[in-house]
Amino acid sequence: MTIDELLCLAQLSGSVKSGPNRWTALCPAHSDSKPSLSISTSKDGTILIKCHAGCKTQQVCEALNIELKDLFVQREAGPAKSDEPIAVYQYTDEFGRILFEVCRFYPKRFAQRVPTSSGYRWNLDGVRRVPYNLEKLTKATFDTQIFIPEGEKDCDRLSSLGLLASCNPGGAGKWRVDYNRFFTGRPVVILPDNDSVGTEHARQIVEELLPVAKEVKLVTLDDLPSGGDISDWLDTGGTLDGLMLRVREAQVLTRTDQAVLIIKNLSEVVVRSVDWLWPNRFPMGKLSLVVGDPNVGKSFLSLYISARVTNGLPWPDGTENTSVGNVILLSAEDDIEDTIVPRLIKQGADLNRIVAIEGVTKRERRFYFNLARDLPALERAIIQTENMRLVVIDPIAAFCGMTDSHKNAEVRGLLGPLAQLAAKYRVAVLGITHLRKGEGSAQQRVLGSIAFVAAARAVWLVTKDQTDEERRLLTSVKCNLAFDTSGLAFRLIDGQVCFDKGTLNMSCDDALQKPDREEQTALEEATNWLREMLRNGKVKAQDIFTAAKQDHIAERTLRRASSDLKIRKEREGFGSFGTWSWQLPENA
């Protein structure tokens, strides 16, 4: 059945053309007073019908006295649909290594697969998407013209003529912003298919590449039949010379919203001091990071900070809390009901000042929040929430979408707008991330690209104290806006973050460093000293530290000795009046 034949049937119900290859009509399967039946055709001629009132396609067909099979194009006899592809198009990285393949099946069905050691995996989950012929794009000179048709078949046909051609995987409408960088500074010629879908796809690519390409030309082949492409044009007598003549005659496209530099004379700048969420630790209007291994207390710390922002209590180092306000939480690892809220309650948070983003909805579909896509939605939430002070993203890597967290350029492109958002609304943004395994400095061990550390104005490391397994160390990896970057120590006691008195004179690299042989000897001496110190029973921790200092035993070594001896540590009293006491275990 053709679309005209179907419309003759639907005409009884008053069909109306609503767009290219689109019609609406009264649905014959139910009592319809307002046209609720959509009718359209796909690229291969298949008729698509949908009743927006809920009638099934089968019911609509029965009301029109046709069968479901009548909606599909009746093709001439040919090979049956085969499990073997009739063409395989390989997508590689810049070095020619295969990332994935696009398979074409008879007559025009496509599927994507990834080669594995045992065969193929028929999805692209977690696979990097790149343009077709990326290796050739990488090796070509920057003045080489790049032709962009709609599909791989056309690319191969153009390549056979000696032209450089590329396209995106997935067909029309699937161009991604991250493909743009491969065409930056290069002359591009776009060859759309001769139909509305092809025209819209070309418009999208033009819009994406105009700001970055050296020049963009759009060559339409109007003498093609509907749905035809560049391969059809060549099959019907088109030549390379004829194509290049059209390319030369095509105008270079321009855009009315050309990029204009925003310039400010520094004499006009009004100098202001840095505002702080937590003085000398986490600045306002900037991106900060808390990094560390799993299960060391990073999320606990972020909720502690959130609670202090809402309840206005002083910071544990004694500095005044002047940043009382509201908080937005983005958490991908902990459940709100049984983990986040109970922890906030224990920290004394004002829950009325905290909101959690659970996702985004678009066209009645729900998605996970994506920093690359949903930053405007986050901006609206900040605007709509009075006195917003802090946004926590835990962990930040979970909200990066398809951004490759190990690529500097991609990470900078993601975090740059986030940092601008923080500056625009004077909001502190706190991201949580992990350390990679292995050795090296704290900066080098932050998971993902070094651009994470570069983009943040403050980076703090949370580690376990190697001398005391129950103690956590908070040391500065980077805080170039502060004059005092001394560290702190805290413990997790019954779901609460409890900071020790005083500060730490220790670098982040020292906090990660394992003890050497000389330290081991000192540890043995400290262990014997501590056992003797506690021989007669419980002793206040402050008295122990004072005596150890007089005997030239380092606090770090003393704490490790206490861990090896499994010293029992008890807190007496609460808040600033509480004290710690140590005693040997019963079997010591």
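Every read-out reported here was derived from the displayed coordinates using simple, explicitly stated rules and does not represent laboratory data. Since the model is a prediction, treat every value here as computed from it, not as a measurement. Here the Cβ positions follow ideal geometry from the backbone for every residue, glycine too, while neighbour counts run over all protein chains shown.
What to note about this one:
- Over segment 129-249, the reciprocal of the mean inverse Cα-Cα separation, the Kirkwood hydrodynamic radius, stands at 14.2 Å.
- Stretched out straight at 0.36 nm per residue, the stretch from residue 273 to residue 125 would grow longer than its current Cα-Cα span by 48.6 nm.
- Counting only alpha carbon atoms, the long axis of helix 371-384 and the longest principal axis of the chain meet at about 70°.
- The helix-based estimate of mean residue ellipticity at 222 nm for the chain, built from -39,500 (n - 2.57) per DSSP H run of four or more residues and divided by its residue count, is -8000 deg cm²/dmol to the nearest 500.
- Using a Förster distance of 41 Å, the FRET efficiency for residue 241-residue 368 (Cβ separation, nearest 0.05): 0.20
- Nearest-0.05 FRET efficiency for residue 203 and residue 111, computed from C-beta distance (R0 30 Å): 0.65
- Counting only aspartates and glutamates at least 8 places from residue 549 when in the same chain, those with an alpha carbon closer than 17 Å to its own are 519, 524, 525, 532.
- Cβ-based net charge around residue 115, under 12 Å, with every Lys or Arg adding one and every Asp or Glu removing one: +2
- Entries of 424/464; 108/174; 174/214 with Cα pairs more than 26 Å apart: 424/464
- Residue-count net charge about residue 528 - beta-carbon cut-off 12 Å; Lys, Arg +1, Asp, Glu -1: -3
- Of all stretches in the chain that contain no chymotrypsin sites (Phe, Trp or Tyr not before Pro) in a DSSP loop with at most 10 other Cβ atoms within 10 Å, the longest one is 143-482.
- Annotation for residue 377 and residue 569: the two label points, set 7 Å from Cα along the Cα-Cβ direction, are 4.3 nm apart.
- The GluC sites (Glu not before Pro) of segment 248-352 that DSSP puts in a loop, and whose beta carbon has at most 14 other beta carbons within 10 Å, are 320, 333.
- Mean projected area of the Cα convex hull of the chain, taken over all directions, amounts to 39.1 nm².
- Trypsin sites (Lys or Arg not before Pro) within segment 272-340, DSSP loop, no more than 13 other Cβ atoms inside 10 Å: 272
- If the chain linking residue 405 and residue 509 were pulled fully straight, counting 0.36 nm for each residue of separation and taking away their Cα-Cα distance, it would gain 35.1 nm.
- Förster-model FRET efficiency, 30 Å R0, residue 336 and residue 470, C-beta, rounded to 0.05: 0.65
- Once the convex hull of all Cα atoms in segment 517-583 is built, its volume per residue stands at 83 Å³.
- Projected label points at residue 160 and residue 252, each 7 Å from Cα along the beta carbon direction, are separated by 3.3 nanometres.
- On Cα atoms only, tilt of 298-311 relative to the major axis of the chain in degrees: 80 degrees
- Rounded tilt (10° steps) of 555-564 against the dominant C-alpha axis of the chain: 80 degrees
- Neighbours of residue 139 by Cβ distance under 15 Å: Lys/Arg scored +1, Asp/Glu scored -1, total -1.
- Nitroxide proxy distance, nm - points 7 Å out along Cα→Cβ at residue 444 and residue 586: 4.8 nm
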